[in-house]
Amino acid sequence: MGPNGSGKSTLSYVLSGKDKYEIDDGTIEYNEKNLLELDVDERANEGLFLAFQYPMEIPGVQTSFFLKTAINSKRKYLGQSEMDALEFAKLMKSKAEELNINTEMLKRDLNVNYSGGEKKKQEILQMSMLSPKMAILDETDSGLDIDALRIVSEGVNKLRNKENSFLVITHYQRLLNYIKPDFVHIIADGRIVKSGDYSLALELEEKGYEEISKSA
Ligand SMILES: Nc1ncnc2c1ncn2[C@@H]1O[C@H](COP(=O)(O)OP(=O)(O)OP(=O)(O)O)[C@@H](O)[C@H]1O
Ligand SMILES: [Mg+2]
């Protein structure tokens with residue numbers, strides 16, 4: 001959590017390997033690897049996943065084709081065989097149904113003319129199909145209606161286990177009613193200024209960023 005412009009999305013981009021960021025100092029350790037030595041696709045294949053704050057529209061690329069390509073390139077990287085068309089279709093259908101996504105929508109170009117909430121749900125569909133080790137959700141809750149918020153949160157909770165982690169960026173304590181975080185970190189002006197447990201989110205709701213940042 002952190003005020004607008006504090007660097008939350010920037011952190012998510014640096015972790016996931018978006019280009020044009022120059023890292024001055026430090027390393028990012030992940031599964032005994034230095035992420036900074038890996039390209040963006042290698043990071044994804046190693047299990048990193050980013051759900052964008054503003055998902056991109058990609059005209060000319062059918063959503064289902066995109067999902068199949070992503071899954072199979074990860075499987076290839078991991079030395080697994082390609083998922084055949086039938087197996088893929090079954091997986092996509094069951095995951096889409098869980099998220100209350102109409103599979104007809106997945107025949108359309110990726111995110112093109114999807115509503116704001118549909119785009120966010122599509123990101124979560126991608127996430128649940130790729131089952132990443134480390135998923136970063138950048139304000140996935142904003143733009144979701146009440147039911148979608150619950151469904152998306154259930155999707156996260158279902159995936160959550162001892163082998164994976166989620167970095168959930170949000171402005172709203174409301175999301176944390178559904179997804180109970182192990183840790184809450186507050187970022188301000190590019191730095192983590194305070195860390196705590198769930199109670200920190202409640203304190204934040206009450207006091208606001210200014211007071212918390214000042215006391216930190
Ligand atoms: N390409 C860029 N050039 C210069 N400044 C940038 C660039 N990209 C981001 N910034 C700045 O970096 C700061 C951090 O931006 P970032 O998007 O990480 O904030 P955020 O914490 O995600 O905010 P929000 O809650 O509004 O999403 C902002 O002041 C932003 O304007
Ligand atoms: Mg942001």
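The values are calculated or read from the model by the stated rules, or taken from the named source; none is laboratory data. Quick caveat, the model's predicted, so the values are computed rather than measured. We place every Cβ from the backbone using ideal geometry, glycine too, and count neighbours over all the protein chains shown.
Being assigned to a loop (DSSP other than H, G, I, E, B), of a type outside the set (Asp, Glu) and either away from ligand 2 (no atom under 16 Å from the Cβ) or more than 29 Å from LYS207 (Cβ to Cβ) (or both) is the filter here, so list the residues in the range 1-53 that pass it.
Listed by number, the residues that qualify are GLY17, LYS18, LYS20, TYR21, ILE23, GLY26, THR27, ILE28, ASN31, LEU38, GLY47, PHE52.
Those residues that are crowded, with 19+ Cβ neighbours inside 10 Å, without any contact (Cβ under 8 Å) to a residue 40 or more places away in the chain and within 16 Å of ligand 1 (Cβ to nearest atom), I need them from the range 145-175; list them, please.
VAL168, LEU175 - these are the residues of the range 145-175 that are crowded, with 19+ Cβ neighbours inside 10 Å, without any contact (Cβ under 8 Å) to a residue 40 or more places away in the chain and within 16 Å of ligand 1 (Cβ to nearest atom).
Quick check on my filter: what residues within the range 1-40 are in contact with a Phe, Trp or Tyr (Cβ under 9 Å, 6 or more places away or on another chain), polar (S, T, N, Q) and closer than 17 Å to ARG191 by Cβ?
Residues satisfying the conditions are SER6, SER9, THR10, SER12.
Among the strands (runs of 3 or more DSSP E) lying completely within the range 141-216, list those that include at least 3 residues that are in contact with a Cys (Cβ under 9 Å, 6 or more places away or on another chain) and more than 30 Å from LYS95 (Cβ to Cβ).
The strands (runs of 3 or more DSSP E) meeting that bar number zero.
Are any residues in the range 59-77 among the hydrophobic types (A, V, I, L, M, F, W, C) and touching a helix residue (DSSP H, G or I) at 6+ places or on another chain (Cβ under 7 Å), and if so, which ones?
Scanning the range 59-77 gives LEU67, ALA70, ILE71.
Return the pairs, sorted by first residue and then second, in which the second residue is within 7 Å of ligand 1 (Cβ to nearest atom) and in a loop (DSSP other than H, G, I, E, B), the first residue lies in the range 1-25 and is touching a residue at least 24 places away in the same chain (Cβ under 8 Å), the beta carbons are less than 6 Å apart, and the residues are 6+ apart or on different chains.
From residues that are touching a residue at least 24 places away in the same chain (Cβ under 8 Å), the pairs are LYS8/GLY2; SER9/GLN53.
May I ask you to list the residues in the range 5-48 that are in contact with a strand residue (DSSP E or B) (Cβ under 6 Å, 6 or more places away or on another chain) and aliphatic (A, V, I, L, M)?
The one that is in contact with a strand residue (DSSP E or B) (Cβ under 6 Å, 6 or more places away or on another chain) and aliphatic (A, V, I, L, M): LEU48.
I'm trying to understand the selection: among the residues of the range 69-88, which are among the small types (Gly, Ala, Ser) and over 23 Å from the mean Cα position of the chain (by Cα)?
Residues satisfying the conditions are GLY79, SER81, ALA85.
Provide a single number: the residues in the range 1-40 that are within 23 Å of ARG160 (Cα to Cα) and more than 15 Å from the chain's Cα centre (by Cα).
The total comes to 7.
Give the range 89-117 a look and list any residue that's of a type in the set (Lys, Arg), under 24 Å from GLY60 (Cβ atoms) and part of a helix (DSSP H, G or I), or say none.
Hits for the range 89-117 are LYS93, LYS95, LYS107.
Taking the stated definitions as given, is ILE169 over 26 Å from LEU78 (Cβ atoms), of a type in the set (Val, Ile, Thr) and at pLDDT 90 or above?
Criteria met by ILE169.
Among the listed residues SER64, SER73, SER16, SER12, which satisfies the condition of being away from ligand 1 (no atom under 16 Å from the Cβ), closer than 20 Å to LEU110 by Cβ, surrounded by 15 or more Cβ atoms within 10 Å (Cβ to Cβ) and of a type in the set (Ser, Thr, Tyr)?
SER64
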